[in-house]
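To keep things clear, I will list the structure first and then write my remarks on it.
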Amino acid sequence: MLAQFGFGVFVLTFLLALFSVGAAVAGYFGNSDRWVEAARRAMLLTFPLITLGTLTLVYLLVTGHYELQYVYAVTSNDMPFYLKVTALWGGQAGSLVLWSWLMSAFASAITLRKWERDRELLPWVIVVTSVTLAFFLALSILYENPFARWWQTALGDFVPRMFAPAGALAVTPSDGQGLNPLLRHPGMILHPPMLYLGFVAFVIPFAFAIAALVTGRSDDRWIRLTRRWTLVAWLFLSLGLVLGMRWAYDVLGWGGYWAWDPVEIAALMPWLTGTAFLHSVMIQEKRGMFKQWNMLLIILTYSLVIFGTFLTRSGVLSSVHAFAESAIGPMFFAFIGITFVISVALLIYRWKDLRAEVEMTSFFSREALFLLNNLLFMGVLIVCFWGVIFPLISELVTGQKVTVGPPFYLRANAPLFGALMALMGIAPLSAWGKSTYKTLGRALWKPSIPAAIVPIVLVILGVRNWIALVGFTLVALVIFVTLFEFWRGARSRQKKQNENFLVAFWRLAGHNRRRYGGYLIHLSMVVMAIGILGMELYQTTTQKTLAVGEDIQISGYTLRFDSLAQFPYTDGRIVTRAVMSVFKDGKFLGELYPRYDYYPDGQPMTIAGVRSTLADDLYVVLVNWENVSSAEAPFKVYHNPLVNWLWIGSVMFIFGFLVAAWPDREEEKRAGTI
Amino acid sequence: MKTKNICLLILSLVLISAILIPTLAVSAQQPTPSDDEVNAIARQLYCPVCENTPLDVCPTTACHQWRELIRQMLAEGKSEAEIKQYFVDYYGARVLSEPPTSGINWLVYVVPPLAFLAGVYLLLRAFQTWKRAAKNTAPGTELSGLPVPGLVTGAPPSIEAARPALDDKYVERLEEELKKRK
């Protein structure tokens, strides 16, 4: 009964979303405020309705209504309460519900603001958000219905349907399959909502961009209005990516955090265009340039957001045939195609109105360097996009699948990321409008000196890998340039305003948070780069089957296998846990407990024993896929130099973001920002 | 005479190696190849069953058997290239971490650099037209440092013209930018 209620609420919300699209279009063309207002209210009403539908589903999940296929697939009696709640996004159908809910929440938040100054944009913002919402709701209603229940047909087959097939009997299992153990990790509980928050929040700037295109407003109002949305979208997308990396590192047991898997790349691609967008909108705000380019970037970001969801949800990655068979795949494909074509057509229609107000005058100006930054991000995007879709093309054309794996991406992207780091070092020192190589050189030489010492020191220390030398030099350059910028700004202010250095520093950053927050984010990126360089260039691994008392060596560490025990845990899983002693230069450093858990449904989960320091991680896996006994067990050990800096950089990133995006009351009043 | 000596030397080297190499190969067969030796090859191969999982970390039984197959082939003295080729012959090119450079697969390596170069070309072209346009519309802009028409913010003309110390110039620019934002 509750399931039917939830389903009915979703159908009603879907119809309401469609109505708001129609009313908004009618209001715009009929010049009728009443219709636009009706559209706005319909949009607002979707939020409480969809919340009600989602809460119904959550209630069914936590109360164990296993007669519903979705509840059966992602929960079980032995799961704790919080996992039953988060199982909402543990599977395909629930994830789509979460998407719709977030879309409705953000669209409602947008429609609640005061619209006086931008009334003309409102109908089209409603159209874009409502169309997106209606699309995802349609997927939930027609193809991935979380409220479908189990039926047994006359032939004896079990089928999930919303309504009873002819002659079928209702079936109610007593327990569910339970959430995949790999998804029970805190990182995986937070990772999907973070990604989705980022994905959905990017729809808002896109909606304003389309509204600006339709209404013919060529100024940067849409960018200023949605600046904070863009930042928030970017934050959550970044956090989603980092959490996914951390989850992979903690749970997957292959010693790394990023495997250039298509699913990972699917989330990275909108981040790439989003990051390029974040930079290039600054040029439009400051100089009135690149209007067409910014439009194209946000259109691409929106399409990649939907494409990312499509890649991970349609089965297209496993094979083009799985895609053709799935109902949801072609729907996604059509939606991406139609929205992309319409958006680009609108952009072409307005192309002339979006000409730059000024022309570029110097190769060394900040806007020129920003453009170069955009080119590099697009380069990485092309590599990623091509790498992801090429196996599909190959399968379509030759019938043979190929793998495009890490070597491809690393070879192609490493120089692009290196160039991006070099730009991070140079661009902050260039000026808007006009900057010659002389002025740039004059600003650059001071921070370059300490940066140049870094490779010399590294060579003396015995580093001979040229990629490491270039990489760490660039890291140093960015760090010194950024610190130099802080110092230079504060020092100038100190002289000019007669302030104490610290006060000058504080006021400088406080008055231009966006700029200095941005620099902090640059710093965090290169701190992350330290970890990535350490892992990519210096990770080592070894594997050996050890008898109790035997040891294994790696990078100066000795690990002795002391004992192994197997015991049941309260939630029903069987834990197999080894104890290892770690020594370096004969000195005892501590114990590690690599283990693997077998869940009642037979699913294994490998938890590495990790000893983590700023210099390196020692990462030990009890290899559960080989023969394990209490006397003898196989271990795989990874030595991961500097990897901790990746996580430290992520935390710094959040701090930098808070500085950059913290609300500025005065500015908001002036701009009417949302 | 000298060439004769060299010929003799080469001949003897060839003979010695012809005797030694089989014995070396036999001795290589003796110890079972270690996990590290197996993984060094398995790492470069992708599980034919599971999506995007390298063979060295794949937990399935099938992959375990494939790793043992690699071990066995190593023990038989097969080279890394031979083992990889064996897997390609049996399971197709998808077991390799990158597509082989043959047929349509060339595209995977050619398209991204070409697209990137096209981007560079477009950017350079755009720069040139911008520069030309800027020169035509505002002659002397670059030399005098006059503001470009329509400039929203940026370095005011006095900064460049007056040429004071770098620090002052910088702080003025900074203050200017801050002011404009208020």
**OP:** Residue by residue through the stretch A:382-415, note down the ones that are of a type in the set (Ser, Thr, Tyr) and either touching a residue at least 12 places away in the same chain (Cβ under 8 Å) or more than 7 Å from chain B (Cβ to nearest Cβ) (or both).
**Re:** A:THR403, A:TYR409
Original post:
Can A:THR558 be described as within 15 Å of A:ASP616 (Cα to Cα) and touching a helix residue (DSSP H, G or I) at 6+ places or on another chain (Cβ under 8 Å)?
Top reply: no
Subject >> the stretch A:505-534: number of residues that are out of contact with any strand residue (DSSP E or B) (no Cβ under 8 Å at 6 or more places or on another chain) and either under 16 Å from A:MET421 (Cβ atoms) or aliphatic (A, V, I, L, M) (or both) >> reply: 18
Original post:
For the stretch A:443-466, how many residues are open to solvent by less than 20 Å² (accessible area, probe 1.4 Å) and hydrophobic (A, V, I, L, M, F, W, C)?
Top reply: 2
Original post:
Yes or no: A:MET43 of a type in the set (A, V, I, L, M, F, W, C), in a helix (DSSP H, G or I) and in contact (Cβ under 8 Å) with a residue 12 or more places away in the chain?
Top reply: yes
Original post:
Within the stretch A:31-58, can you find the residues that are open to solvent by 50 Å² or more (accessible area, probe 1.4 Å) and of a type outside the set (S, T, N, Q)?
Top reply: A:ASP33, A:ARG34, A:TRP35, A:ARG41, A:LEU45, A:PHE47, A:PRO48, A:LEU52, A:LEU55
Subject >> Top-ranked residue of the stretch A:342-377 - restricted to ones that are of a type in the set (Lys, Arg) and under 19 Å from A:ASP219 (Cβ atoms), ranked as modelled with the highest pLDDT >> reply: A:ARG350
Original post:
Do you know which of the residues in the stretch B:89-117 that are of a type in the set (Gly, Ala, Ser) and in contact (Cβ under 8 Å) with a residue 40 or more places away in the chain is nearest to the other protein chains (Cβ to nearest Cβ)?
Top reply: B:SER97
**OP:** Tell me, please, whether a residue that is more than 9 Å from chain B (Cβ to nearest Cβ), open to solvent by 20 Å² or more (accessible area, probe 1.4 Å), over 17 Å from B:THR101 (Cβ atoms) and without any contact (Cβ under 8 Å) to a residue 12 or more places away in the chain can be found in the stretch A:416-423.
**Re:** no
**OP:** Looking for whichever is touching a residue at least 24 places away in the same chain (Cβ under 8 Å), open to solvent by 10 Å² or more (accessible area, probe 1.4 Å) and either assigned to a helix (DSSP H, G or I) or among the hydroxyl-bearing types (Ser, Thr, Tyr) (or both) here; the options are A:VAL11, A:VAL97. Which one fits?
**Re:** A:VAL11
Subject >> A:THR439 vs. criteria β-branched (Val, Ile, Thr), over 22 Å from A:VAL316 (Cβ atoms) and either at the interface with chain B (Cβ under 9 Å from one of its Cβ atoms) or in a loop (DSSP other than H, G, I, E, B) (or both) >> reply: yes
**OP:** Filter the stretch B:65-94 for residues that are under 11 Å from B:VAL38 (Cα atoms) and among the aliphatic types (A, V, I, L, M) and give the result.
**Re:** B:LEU69, B:ILE70, B:MET73, B:LEU74, B:ALA75, B:ILE83
Original post:
Conditions: (1) among the hydrophobic types (A, V, I, L, M, F, W, C); (2) open to solvent by less than 20 Å² (accessible area, probe 1.4 Å); (3) under 24 Å from the mean Cα position of the chain (by Cα). A:VAL131 meets all but one. Number of the miss?
Top reply: (2)
Original post:
Any chance the stretch A:62-79 includes a residue that's in a helix (DSSP H, G or I) and under 15 Å from A:ARG184 (Cα atoms)?
Top reply: yes
Subject >> Evaluation of B:VAL111 against (1) assigned by TED's automatic domain parsing to the domain that holds B:ASP56; (2) over 18 Å from A:GLY399 (Cβ atoms); (3) within 23 Å of the chain's Cα centre (by Cα); (4) among the β-branched types (Val, Ile, Thr) (one fails), failing number >> reply: (1)
Original post:
Which ranges mark the helices (runs of 4 or more DSSP H) fully within the stretch A:237-353 that have 1 or more residues being of a type in the set (Ser, Thr, Tyr)?
Top reply: A:262-287, A:291-313, A:328-349
Subject >> the stretch A:616-630 - residue that is over 27 Å from the mean Cα position of the chain (by Cα) and open to solvent by 10 Å² or more (accessible area, probe 1.4 Å) and, of those, nearest to the other protein chains (Cβ to nearest Cβ) >> reply: A:TRP625
Original post:
Does the stretch A:587-595 contain at least one residue that is within 14 Å of chain B (Cβ to nearest Cβ) and of a type in the set (Ser, Thr, Tyr)?
Top reply: no
Original post:
Hey, A:VAL397 hits all of (1) farther than 30 Å from A:GLY518 by Cβ; (2) modelled with pLDDT of 80 or more; (3) open to solvent by less than 20 Å² (accessible area, probe 1.4 Å); (4) not hydroxyl-bearing (Ser, Thr, Tyr) but one; which does it fall short on?
Top reply: (3)
Original post:
If you scan the stretch A:256-265, which residues turn out to be at the interface with chain B (Cβ under 8 Å from one of its Cβ atoms) and in contact (Cβ under 8 Å) with a residue 60 or more places away in the chain?
Top reply: A:ALA259, A:PRO262
Subject >> Output for the stretch B:85-133, where each listed residue is touching a strand residue (DSSP E or B) at 6+ places or on another chain (Cβ under 9 Å), buried (at least 17 other Cβ atoms within 10 Å of the Cβ) and part of a helix (DSSP H, G or I) >> reply: B:PHE87, B:ARG94, B:VAL95
Original post:
Is it the case that the stretch A:603-611 has a residue that's of a type in the set (Ser, Thr, Tyr), under 30 Å from A:VAL475 (Cα atoms), crowded, with 18+ Cβ neighbours inside 10 Å and within 14 Å of chain B (Cβ to nearest Cβ)?
Top reply: no
**OP:** Output the residue which, of all residues in the stretch A:215-238 that are open to solvent by 30 Å² or more (accessible area, probe 1.4 Å) and of a type in the set (A, V, I, L, M, F, W, C), is farthest from A:GLU536 (Cα to Cα).
**Re:** A:TRP229
**OP:** Looking for whichever is in contact with a Ser or Thr (Cβ under 7 Å, 6 or more places away or on another chain) and aliphatic (A, V, I, L, M) here; the options are A:LEU546, A:LEU523, A:LEU508. Which one fits?
**Re:** A:LEU523
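Let's see how each residue does on (1) touching a strand residue (DSSP E or B) at 6+ places or on another chain (Cβ under 9 Å); (2) farther than 22 Å from A:THR46 by Cα; (3) open to solvent by 20 Å² or more (accessible area, probe 1.4 Å):
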| residue | (1), (2), (3) |
| --- | --- |
| A:PHE136 | no, no, no |
| A:ILE141 | no, no, yes |
| A:TRP151 | yes, yes, yes |
| A:VAL159 | yes, yes, yes |
| A:THR172 | yes, yes, yes |
| A:LEU183 | no, yes, yes |
| A:PRO186 | no, yes, yes |
**OP:** Within the stretch A:342-373, work out how many residues are open to solvent by 50 Å² or more (accessible area, probe 1.4 Å), in contact with a Leu (Cβ under 7 Å, 6 or more places away or on another chain) and at the interface with another protein chain (Cβ under 9 Å from one of its Cβ atoms).
**Re:** 1
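The values are calculated or read from the model by the stated rules, or taken from the named source; none is laboratory data. These numbers come from a predicted model, not from an experiment. Don't worry about glycine lacking a Cβ; one is built from the backbone with ideal geometry, like all the others, and counts go over all protein chains shown. When the accessible area is computed, the model is the full protein with side chains, heavy atoms only, and any ligands, DNA or RNA have been set aside. Shrake-Rupley method; radii C 1.70, N 1.55, O 1.52, S 1.80 Å.
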